[in-house]
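Engineer: This is the structure I want to talk about, given as structure tokens.
The values are calculated or read from the model by the stated rules, or taken from the named source; none is laboratory data. Treat the numbers as computed from the prediction; the structure is a model and nothing was measured. Cβ atoms come from the backbone with ideal geometry, glycine included; neighbour counts cover every protein chain shown. Ligands, DNA and RNA are excluded from the accessible area calculation, which covers all protein heavy atoms including side chains. Shrake-Rupley method; radii C 1.70, N 1.55, O 1.52, S 1.80 Å.
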Amino acid sequence: MTDALCGPSNALQSFQKHTSVDRTLQQDRLTSRQSPTQGFRSSLGPNVGALDPEFDAFQAGHAGPPQPAFQHFPPHLAQHAPPPHFAQAPAGPDWASDFQRLNIAPAHPTHMQQHHHPQASSAAASWHQDFLNQPSSMQAPSYAGHSFGGMAGAGMGAYGRPTYQGFGAMNGAPMQQVANGKQRAEEGVPKFDDAAFERAFELAQQDMFEQADLLTALEELNKMRLSRSAREDLSQGSVGETDPVLLRIREKRPQVYITIKLRSEIDLGKSAEALPYLQDLEDLESRGALTTDASEAKWCVDTLQKSINREAPQEIKSRVESLIKSINERLMSSYPLLATGVPIRQENIWDELRAAGYTTDRSPLQHADEQSKQKEEVNPPRTDQDEMADTAGRLLERVADNTSEKFQNSQFLELMRRLRDREVRVEGDKMVEVSAQSSNFPLPPAETLPEIDRKILDHAVQEFGMPIDSEPGLSHHEPTTDEVTDQFNFYSVDSSYHR
Amino acid sequence: MLEYRTQGYNGYSVKYSPFFDSRIAVAASANFGLVGNGRVYVLGLTPGGIVADKFFDTQDSLFDVAWSESHENQLLTAGGDGSVKLFDISLSEFPVQSWQEHAREVFAVHWNLVAKDTFLSSSWDGTIKIWNPTASASLATLPTHSCTYSAAFSPHSPSILSSVSSDSHLRIFDLRTPASASNHLTLNMPIHTPPKPRMGAAASVGVPPSEALTHDWNKYRDTILATAGVDRLIRTFDIRAPNAGPIAVLPGHEYAVRRVTWSPHLSDILLSASYDMTCRVWTDGSAMGVGGLKQENMVQQDPMVFGGGREMGRMGRHTEFATGVDWCLFGAEGWCASTGWDERVLVWDCRAIMQ
């Protein structure tokens, strides 16, 4: 609990804390708005223009606009509508086609938008029947240009049953005026609400930053301290990932983590979610970070290859393929065929993945390399370094406008500069020059990225395993993973059935 | 001005001995306290300058130091690993006692000035702990639920203590109250309460809360405390009027204020150390004839300038953040010591810089 309050030694969390100081203004702003329970019409006001195209799309049978709009019918209408039908209306397309099949044209052709295709209504749900059976007593034409589009018009027309004569009488122009009037009134308010508030808000925020500014950052710096406990906290502070085992993998092997996520997104068909991970991997690769550990790199290549062997959008497929190619190029360039001491520690990855529940079986390598495992743990989590660098950078930004000689000559700020530029890093209890980077491997330090021979692949067989895999057969062994077998290939988790 | 260089260690706190006018303790940390070892120096003031009589190394950074009030050779340190250590400077190397109860960095230690058998520590783990040097475990734990940067016993009562923390609150605990659900907490004052509106100044609008880093009890007026922190303002409060807001607000520091301490000689004089690399001397305006500067131009008054206090001088010799400052209890009023991240300890007379 106090960790959340006190912030951790890694400063990003503190930054979140500081940026969230401003809640009050935010809330003022929200509460000063119309209460959402006023519903449909009021919330529609400023957005009419934006909603129209959506509604058109909806009518054309694409994924519909959010259904909740219906729940917000004015109360006098809502009580006659059978809400359950709406509430349970399945995903857009079905709903939309129902709507299209709905035929109210004969009675009031003017209700219909032009692209409504009158069809037989036999298949419509029961409320549609009711709806059609209503004696239509409404004056339709006035709805043609109604800002709510055909939908609202249709709804109102349908419920104009005899008991609502009074309502019907005021239904035409007056109603519209009411609506428009309200809309106008609201347009007045939002103008204040949005633009003015936006400005006021920015002003206030600026003030606040100027006031609380710099030395919040400097104080945060204190918190950058990496005490032992803090390092343990680190993983818990990360957002969006709750599986502790995955968290550990992320901490120790970011690229493996990203690859796992990428693969699972691709497998789930969520290419939009997959793209950021792909981007991350490409960044890592271009920095040469992906290939610092050959076994991890190989694991990534294998996994990537598997993931695009299955269904994947063309764009992702080609990007992944070029990524695989560049990883291989870099791998082969940095670990030439006859080099000694290429660390192969794939079994550790499998151990961790199995612990994470990602595999049920594992490759039959049994002699765990204890020593290298220990070394692995000595390796500080890379995210630490990143966050230190981020914080240092932010701190420098905040004192950037201080041109006094003292601040220019400050050794502490110089250290921050070097931390930001990753010329120094924290290792264990020391600050070390990156050039003296701890290599746990008997390989030259990766301070400068090794040259990549772009043609190296031409010399090699196109079926890459590891160029120097000391365990032949390993690369062909595929443990059972979360793979979707062929029999479920037709099965899309995005189908409306699963909604 | 005397100077000592704590080579390789960046100072965090400095304290004059309550027994000797020539002895100073300094808590310092390698790598600006981010990672690495700590070292506590015991410095002697000699005619030939400052010499290190002794130093002790610790595994983790040190953030604060406090002299024992009951034993002239003992001092406490606050460690980044959550430990509180008691060193005896007549021994070599190891602490005579070490308590490891805090879960996070300990940021303050303070000895009880009245009942000299207890001391306290406060930590980022959101607790204040009360200790007896002869007991192996803490006597009491007072939760603040917030990163507690500073805690201190009242110099006027054996059982009253105070703390400030990152939630922008000043808390007063009275150990005589039953340890009920409130855990001895008797007062919880928001530091960011705006000062009372008054004639000639616009009412100050809401002041955002900000982390409070330091505070101190006035040595003469037993209900007055000064606080300071990230919002760069030094404020004084009267705990008899907890809802009245600050009785003085002293703006001037350009960055966060890391340490504030009242003079042991004069009831209205404060000394502060800040991230703007300066140490400044202030009056809070409570003494006769020192205020009044602000009366000339009533219309343009800044609502956050309050109470008639003002800056009386500044010392800008530190070249990195100034983090620690303390008054000498003996001799002529005005002697003080300061330390900072420039690895320097300066001993100086603040009368020389006062206007």
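Engineer: Scanning for something open to solvent by 20 Å² or more (accessible area, probe 1.4 Å), among the aliphatic types (A, V, I, L, M) and within 14 Å of chain A (Cβ to nearest Cβ), does the stretch B:218-239 turn up at least one residue?
Structural biologist: The answer is yes, given that some residue of the stretch B:218-239 is open to solvent by 20 Å² or more (accessible area, probe 1.4 Å), among the aliphatic types (A, V, I, L, M) and within 14 Å of chain A (Cβ to nearest Cβ).
Engineer: It is to be established whether one or more residues within the stretch B:193-201 are at pLDDT 90 or above and among the β-branched types (Val, Ile, Thr).
Structural biologist: Pass one, the stretch B:193-201, residues at pLDDT 90 or above: none.
Checking the stretch B:193-201: not a single residue is at pLDDT 90 or above and among the β-branched types (Val, Ile, Thr).
Engineer: Same structure again: Quick check: is even one residue across the stretch B:280-297 within 14 Å of chain A (Cβ to nearest Cβ), modelled with pLDDT of 90 or more and surrounded by 20 or more Cβ atoms within 10 Å (Cβ to Cβ)?
Structural biologist: Filtering the stretch B:280-297 for residues within 14 Å of chain A (Cβ to nearest Cβ) gives none.
Among the residues of the stretch B:280-297, not one is within 14 Å of chain A (Cβ to nearest Cβ), modelled with pLDDT of 90 or more and surrounded by 20 or more Cβ atoms within 10 Å (Cβ to Cβ), which makes the answer no.
Engineer: In the stretch B:18-32, which residue that is free of Cβ contacts under 8 Å to residues at least 60 places away in the same chain and surrounded by 23 or more Cβ atoms within 10 Å (Cβ to Cβ) is nearest to the other protein chains (Cβ to nearest Cβ)?
Structural biologist: Once the filter is applied, the top-ranked residue is B:Ser29.
Engineer: Report whether or not B:Val14 is assigned to a strand (DSSP E or B) and surrounded by fewer than 24 Cβ atoms within 10 Å (Cβ to Cβ).
Structural biologist: Numbers: assigned to a strand (DSSP E or B): yes; surrounded by fewer than 24 Cβ atoms within 10 Å (Cβ to Cβ): no.
No; evaluated as a whole, the condition is false for this residue.
Engineer: Something else: Hey, any hits in the stretch A:329-350 for a residue that's open to solvent by less than 30 Å² (accessible area, probe 1.4 Å), at pLDDT 80 or above and among the hydroxyl-bearing types (Ser, Thr, Tyr)?
Structural biologist: no
Engineer: In this structure, does B:Thr193 turn out to be part of a strand (DSSP E or B), surrounded by fewer than 23 Cβ atoms within 10 Å (Cβ to Cβ) and more than 17 Å from the chain's Cα centre (by Cα)?
Structural biologist: On the way: part of a strand (DSSP E or B): no; surrounded by fewer than 23 Cβ atoms within 10 Å (Cβ to Cβ): yes; more than 17 Å from the chain's Cα centre (by Cα): yes.
No, not satisfied.
Engineer: Right, next: Give the residue, chosen from B:Arg232, B:Arg240, B:Arg258, B:Arg221, that is assigned to a strand (DSSP E or B) and either within 21 Å of B:Leu161 (Cβ to Cβ) or out of contact with any Lys or Arg (no Cβ under 6 Å at 6 or more places or on another chain) (or both). Let's see the steps before the verdict.
Structural biologist: Details: B:Arg232 fails: assigned to a strand (DSSP E or B); B:Arg240 fails: assigned to a strand (DSSP E or B); B:Arg221 fails: assigned to a strand (DSSP E or B).
The match here is B:Arg258.
Engineer: Being among the acidic types (Asp, Glu), more than 19 Å from B:Ala28 (Cα to Cα) and in contact (Cβ under 8 Å) with a residue 12 or more places away in the chain narrows it down to one of B:Asp167, B:Asp81, so name that one.
Structural biologist: Values: B:Asp81 fails: more than 19 Å from B:Ala28 (Cα to Cα).
On inspection, the qualifying residue turns out to be B:Asp167.
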